[in-house]
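Below: one structure, written as structure tokens.
The values are calculated or read from the model by the stated rules, or taken from the named source; none is laboratory data. Just so we're clear, the structure is a prediction, and the values are computed from it rather than from any experiment. Positions of Cβ are backbone-derived with ideal geometry, glycine not excepted, and every protein chain shown enters the neighbour counts. Each accessible area value is taken on the protein alone, full model and side chains, heavy atoms only, with ligands, DNA and RNA left out. Shrake-Rupley method; radii C 1.70, N 1.55, O 1.52, S 1.80 Å.
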Amino acid sequence: DMKYAITLLVSLFALLAPQTAALAQTEKTADDYKVVVDEVRDGVRFVEATMSETVCSTEFKVEINVGDKTIQKAVLVRGCPGNGTAVCKLLEGMTVDEAVKRLKGTPCGKRVSSCPDQMARILSSLKW
């Protein structure tokens with residue numbers, strides 16, 4: 001009967017949904033970030049980027065001193081508020097090269113990337 005068929009389909013979906021979500025996560029790439037703003041004003045480079053869909057944060061905003069390539073300010077939008085704020089505070093005063101070196105490859109569970117890894121990828125994609 002129809003009620004049995006619907007129950008069977010719902011049960012089947014419940015069994016397959018976690019596997020489908022895991023498969024979709026592994027098929028995503030960590031390189032789907034996008035720099036949407038990259039401009040220099042008064043010796044400061046302002047960069048805004050959307051993060052990869054593989055991580056919790058949605059945006060990364062950073063201000064970089066053009067003269068010595070030090071990060072003056074960094075902000076993560078969404079994601080883990082405490083960790084994001086802490087990482088951004090630690091980046092202040094650090095050179096872009098040092099930040100990339102420290103953040104690149106940072107894991108986050110079974111995800112293909114992490115918010116710090118995305119920050120490193122975005123920073124390393126900037127041409128000087």
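Examine the stretch 114-125 for a residue that is open to solvent by 50 Å² or more (accessible area, probe 1.4 Å) and touching a Ser or Thr at 6+ places or on another chain (Cβ under 9 Å), and state whether such a residue exists. So far as the stretch 114-125 goes, yes, one or more of its residues are open to solvent by 50 Å² or more (accessible area, probe 1.4 Å) and touching a Ser or Thr at 6+ places or on another chain (Cβ under 9 Å).
Taking the stretch 74-113, which residues are open to solvent by 80 Å² or more (accessible area, probe 1.4 Å), farther than 18 Å from Arg45 by Cβ and assigned to a helix (DSSP H, G or I)? Residues satisfying the conditions are Pro81, Asn83, Lys89, Leu90, Lys101, Arg102.
Would you call Val35 in a strand (DSSP E or B) and more than 18 Å from Glu92 (Cα to Cα)? In short, yes.
Close contacts from the stretch 33-58, counting a first residue that is over 16 Å from Lys69 (Cβ atoms) and free of Cβ contacts under 8 Å to residues at least 24 places away in the same chain and a second that is open to solvent by 50 Å² or more (accessible area, probe 1.4 Å) and among the aliphatic types (A, V, I, L, M), with Cβ to Cβ under 7 Å and a gap of 6+ residues or different chains, come to Glu48/Val36; Thr50/Val36.
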